[in-house]
Number of protein chains: 2
Amino acid sequence: MELDLRLLRYFVAVAQDLHFGRAAARLHISQPALSVQIRKLEHVLGVEVFRRTSRHVELTPAGQAILAEATRTLAAAERTMAVARSAARGKPGHLTVGFVANAVAELTPVILEEFGRRHPHVDIQMKQFAFADPLAGLGNGDADVAFVRPPLRPDPAIEWCPVLDEGRVLILSERHPLAQYPAVTVEMLINEPFVARRAPDEWRDFWLGVDHRDGHAVRIGAEVSTVDECLEAVLTGQGIAFTQSSSQRYYSRPGLAFVAVKGLSGSTAAVAWRRDAATPLVNEFVTAAQNVCRCHNGAPTQFPLR
Amino acid sequence: MELDLRLLRYFVAVAQDLHFGRAAARLHISQPALSVQIRKLEHVLGVEVFRRTSRHVELTPAGQAILAEATRTLAAAERTMAVARSAARGKPGHLTVGFVANAVAELTPVILEEFGRRHPHVDIQMKQFAFADPLAGLGNGDADVAFVRPPLRPDPAIEWCPVLDEGRVLILSERHPLAQYPAVTVEMLINEPFVARRAPDEWRDFWLGVDHRDGHAVRIGAEVSTVDECLEAVLTGQGIAFTQSSSQRYYSRPGLAFVAVKGLSGSTAAVAWRRDAATPLVNEFVTAAQNVCRCHNGAPTQFPLR
DNA sequence: TGCTATCGATAACCCAAAGTTATTGATGAG
DNA sequence: CTCATCAATAACTTTGGGTTATCGATAGCA
């Protein structure tokens with residue numbers, strides 16, 4: 001019996017939510033089918049990857065080790081498809097650019113254009129990642145280069161260079177009482193429910209403004225994985241959230257209000273890449289980004305706080 | 001329709017021998033099944049990967065680009081299996097060591113032992129590669145580290161460090177007239193048919209002793225991909241061949257004779273690794289190899305020429 | 001202790017698709 | 001022009017991944 005990408009996809013899905021029923025739903029198959037396939041995977045691999053009772057599912061140590069490799073394998077397959085798509089469009093070169101939310105805002109198209117002018121034979125695929133992966137695919141090879149927003153977990157394999165500094169603002173329903181204020185302070189928000197990003201701690205905390213709360217715990221009104229989920233939660237009044245100020249121009253929509261927050265630190269956007277996968281094309285892309293933002297003299301582009 | 005490892009395996013097989021019939025035979029399926037699956041792959045990828053008539057099969061430019069990625073994807077899958085096997089044996093760590101022929105001969109087990117003593121939790125998988133891949137899997141991630149034998153095509157991503165220097169000897173059937181000589185010269189072999197290794201030019205030529213032939217063309221008696229095929233060809237008298245002198249101790253078998261060759265340059269064996277995948281484990285392995293052979297002061301272990 | 005809700009495993013069945021053999025049709029060689 | 005080669009097509013068989021229905025184990029709770 002041979003290994004098969006489907007088995008890996010199923011495995012990763014179950015590993016993600018540790019629940020056969022929900023994973024099956026996400027995969028658009030029935031729960032028994034998923035159970036059978038996971039057992040088949042375990043047979044093919046020769047190890048039990050999950051320890052499961054009728055009440056609990058968890059990865060075995062073997063499962064954890066395998067999960068990392070499975071993710072890489074799936075990323076490689078994804079990349080194969082991407083290269084094929086590029087080739088189909090007559091472009092021999094290919095570069096996958098990961099990003100989160102609105103990337104580096106208005107600078108994004110400028111950088112792409114700058115790069116495209118120098119490398120017209122390269123097909124660029126922009127690929128968005130959810131909050132759960134602030135490295136925007138750099139971690140497992142899903143992306144060659146990425147627009148990210150620190151704070152990032154320190155990782156010797158990842159290098160980055162700031163491109164854009166902007167302020168952070170409050171985003172809330174326009175029916176929320178605070179929406180009328182021209183500006184607020186973090187203290188005024190201490191008891192407000194926040195919309196939290198499902199993300200690694202350092203990222204989640206940064207966007208909840210934990211550093212500005214003087215140790216006060218955060219009330220969580222909703223948990224979200226993507227920008228749109230976040231906006232949805234805010235619109236329906238489940239909570240408020242901080243966001244980079246460029247969101248006002250990218251995600252403005254009826255019923256949504258933005259309010260300046262006094263004293264709140266800003267957000268930096270950066271180009272990032274893997275030190276061990278710095279192909280010439282990646283380097284060229286980073287250079288293009290640096291040229292555009294002129295951060296090679298240490299000063300990323302500054303946008304007004306509001 | 002989703003991409004599937006089977007399709008990639010089939011694709012690579014056809015790309016290798018550019019012949020549907022033979023590829024199908026190697027894959028143990030019928031030729032029509034293979035044709036259908038390749039067409040399916042092309043549909044999934046959205047590009048034609050082969051240009052084919054009833055007389056000729058060749059990769060399209062798109063196919064070439066995709067082949068590289070497909071190989072990497074398959075290697076990643078292979079690695080997933082390997083890690084699973086390791087985990088099944090209760091070893092959380094894993095290292096795949098590629099090698100060609102008899103690796104670094106008697107030093108191999110010593111190095112493995114040295115490394116194993118320092119890293120008992122790491123499961124080492126030795127993986128042999130055919131002559132076609134003198135980089136022993138370093139090229140596409142099939143191996144983390146490898147025992148190779150220069151000459152290698154210069155590649156900035158690959159670094160290596162010599163471990164062992166040994167002479168080269170002639171290998172021939174004991175019924176061959178020259179088998180009686182205590183030693184021969186290359187001039188005496190100019191008109192002898194040689195067994196050639198199916199390998200990149202620099203490697204193939206080195207093992208044919210082209211540098212010692214003063215420009216005389218080589219008569220090719222057989223083409224082989226592996227050591228055993230080579231010995232088989234020599235035993236059946238299809239040709240003679242040069243080999244590292246340690247072969248006398250590793251591949252000695254009834255009917256086979258080894259003869260010293262005066263003036264023939266030696267062969268170096270080395271540890272090699274990818275600069276961009278030099279994980280701590282890889283570095284430790286290289287260190288172990290260096291410690292064992294003491295080549296850190298520039299002098300790889302010397303074996304007597306005969 | 002026993003009831004209930006939850007959730008993964010098992011069973012029985014169905015059907016899509018990968019495989020088979022037989023054949024066609026195109027093409028390069030002599 | 002004929003023959004041999006080789007990929008594509010056709011008609012079919014079979015494998016196995018999917019389904020629904022059901023079971024059995026367990027945590028929560030009165």
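Expressed as cubic angstrom per residue, what is the convex hull volume of the alpha carbon set of region B:168-265?
Details: hull volume 8.7 nm³, N = 98.
Expressed per residue, the convex hull around the Cα atoms of region B:168-265 is 89 Å³.
Work out, in µm²/s and without decimals, the Stokes-Einstein translational diffusion coefficient of chain B at 10 °C, 1.306 mPa s, Rh from Kirkwood over C-alpha pairs.
It diffuses with D of about 74 µm²/s by this estimate.
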Roughly how many whole Å is it from the C-alpha centroid of region B:185-252 to that of region A:201-269? 70 Å
Enumerate the amide H contacts of B:Arg198 below 5 Å, restricted to partners 5 or more residues apart or on another chain; note that Pro and chain-start residues carry no placed amide H. B:Val224, B:Ser225
Report, by chain and number, residues whose modeled amide H sits under 5 Å from the one on B:Lys127, excluding near sequence neighbours (fewer than 5 apart, same chain). B:Val97, B:Gly98, B:Phe99
About the Cα centre, charge dipole magnitude for the protein assembly as shown (Lys/Arg +1, Asp/Glu -1 at Cβ), debye: 940 debye
Note: B:220-230 gets an average of partner chain Cβ contacts (10 Å, Cβ to Cβ) equal to 0
Between B:Asp133, B:Asp205, B:Asp214, where does the largest GNM mean-square fluctuation fall for chain B, given springs only between Cα atoms within less than 10 Å? B:Asp214
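I need the peptides A:80-87, A:49-56 ranked by packing, meaning the mean over residues of other C-beta atoms within 10 angstrom, with the highest value on top. Can you show the working numbers first?
Details: A:80-87: 22.4, A:49-56: 12.5.
The peptides rank, most packed first, as A:80-87, A:49-56.
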Enter the mean number of other protein chain beta carbons within 10 Å of the beta carbon of each residue in B:41-48, as an integer. 3
Considering the Cα trace of region B:235-287, what is its radius of gyration and what is Dmax, both in angstroms? 17.3, 47
Whole angstrom only: what separates the Cα centroid of region B:60-107 from the Cα centroid of region B:1-58? 22 Å
For B:Ile240, list long-range residues whose amide hydrogen, built 1.01 Å from N in the peptide plane, is under 5 Å from its own amide hydrogen. B:Phe194, B:Val195
GNM of chain A, Cα pairs under 10 angstrom: of A:Val271, A:Val261, A:Val14, the biggest fluctuation goes to A:Val14
Roughly how big is region A:168-265's charge dipole about its Cα centre, with Cβ charges of +1 (Lys, Arg) and -1 (Asp, Glu), in debye to the nearest 20? 260 debye
Magnitude of the Cβ-charge dipole (Lys and Arg +1, Asp and Glu -1) of region B:5-69 about the Cα centre, nearest 20 debye, reported as 220 debye
Relative to the other copies, what are the label-point distances for B:Ala88, with labels 7 Å from Cα along the C-beta vector, expressed in nm at one decimal and sorted shortest first? 3.6
Can you tell me the relative contact order of chain A? Whole percent, Cα pairs under 8 Å, sequence separation 6 or more. 20 percent
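Helix by helix through chain B, keep the DSSP H runs that span 15 Å or more along the axis on Cα and average at least -1.0 on Kyte-Doolittle, and give those back in order.
B:5-17, B:31-45, B:61-88, B:107-118, B:280-293
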Beyond 44 Å, the calculated P(r) of the protein assembly as shown holds a percent of Cα-Cα pairs equal to 34 percent
For B:63-71, mean number of other protein chain Cβ atoms within 10 Å: 5
Residue of B:Leu138, B:Leu27, B:Leu235 that the Gaussian network model of chain B assigns the largest fluctuation, springs spanning Cα pairs under 10 Å: B:Leu27
In percent, what relative contact order does region B:168-265 have, based on Cα pairs under 8 Å that are 6 or more apart in sequence? 50 percent
Farthest toward the dipole's positive end in region A:45-92, which of A:Gln64, A:Ala82, A:Gly46, given Cβ charges of +1 (Lys, Arg) and -1 (Asp, Glu) about the Cα centre? A:Ala82
Which is farthest toward the positive dipole end of region A:88-144 among A:His121, A:Asn102, A:Leu135, measuring Cα position about the Cα centre, with Cβ charges +1 (Lys, Arg) and -1 (Asp, Glu)? A:His121
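For region B:88-198, what Kirkwood radius comes out of the mean inverse Cα-Cα distance, in Å?
Numbers: mean 1/r = 0.0593 Å⁻¹.
After inverting the pairwise mean of 1/r, the radius is 16.9 Å.
Net charge around B:Leu164, counting only other residues with Cβ within less than 15 Å of its Cβ (Lys, Arg = +1; Asp, Glu = -1)?
My count for the surroundings of B:Leu164 gives 0.
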Going by the alpha-carbon gyration tensor, a ≥ b ≥ c the square roots of its eigenvalues, is region A:198-237 rounded (a/c under 1.5) or, if a/c is not under 1.5, prolate (a/b greater than b/c) versus oblate? oblate
Mind jotting down a quarter of the surface of the convex hull over the alpha carbons of region B:5-69, in square nanometres, one decimal? 3.9 nm²
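Bear in mind these aren't lab numbers, they're just calculated from the coordinates by the rules spelled out. Note that the structure is a prediction, hence the values are computed from the model and not measured. Every residue, glycine among them, receives a Cβ derived from its backbone with ideal geometry; neighbour counts consider all protein chains shown.
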